[in-house]
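The values are calculated or read from the model by the stated rules, or taken from the named source; none is laboratory data. Quantities reported herein were computed from a predicted structural model and do not represent experimental measurements. Reconstructed Cβ throughout: ideal geometry from the backbone, glycine too, with neighbour counts over all protein chains shown. Areas reflect the complete protein model, heavy atoms only, side chains present, ligands, DNA and RNA absent. Shrake-Rupley method; radii C 1.70, N 1.55, O 1.52, S 1.80 Å.
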Amino acid sequence: MNTNEQIFRLLIEQGFSKGDVSVFDKHASPEFVEHQYGFVPPNVEGVKRSIKGLHKAFPDFSLTIEDIIIDGDKVWGRMTGRGTHKNQF
């Protein structure tokens, strides 16, 4: 497993699924840019804010990585999100 894949898995499994946004402080570059629509701002702080919002609305939220594609320093993932809707989203 290459380092970029390991970091991707850590950010998804610990950050998104467990809600531990501190992994982004430890493992994301200061130049990190989120290209998926909806993260405001589209950087580490925006992603952390979105994760906190997801876990507030869906306390048991998790992402399951279904497929990963790695090309050089780029990593793409196809994931399935699950959670019980408990609060405003």
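Worth pointing out:
- Pair list, Cβ under 8 Å, 6 or more apart: segment 45-71 residue at positive phi and of a type in the set (D, E, K, R), other residue surrounded by fewer than 18 Cβ atoms within 10 Å (Cβ to Cβ) and not in a loop (DSSP other than H, G, I, E, B): none
- Considering residues of segment 38-89 that are open to solvent by 80 Å² or more (accessible area, probe 1.4 Å) and of a type in the set (Phe, Trp, Tyr) only, the residue farthest from GLY19 (Cα to Cα): TRP76
- Within segment 11-27, being touching a residue at least 12 places away in the same chain (Cβ under 8 Å) and more than 11 Å from the chain's Cα centre (by Cα) holds for ASP25, HIS27.
- Just so you know, in segment 3-37 the residues that are modelled with pLDDT of 95 or more and small (Gly, Ala, Ser) include one that is farthest from ASP73 (Cα to Cα), and it is GLY19.
- Of the residues making up segment 54-89, not one is in contact with a His (Cβ under 9 Å, 6 or more places away or on another chain) and modelled with pLDDT under 95.
- All positions within segment 23-65 that are in a helix (DSSP H, G or I) and under 14 Å from ILE7 (Cβ atoms): VAL23, PHE24, ASP25, LYS26, HIS27, VAL44, VAL47
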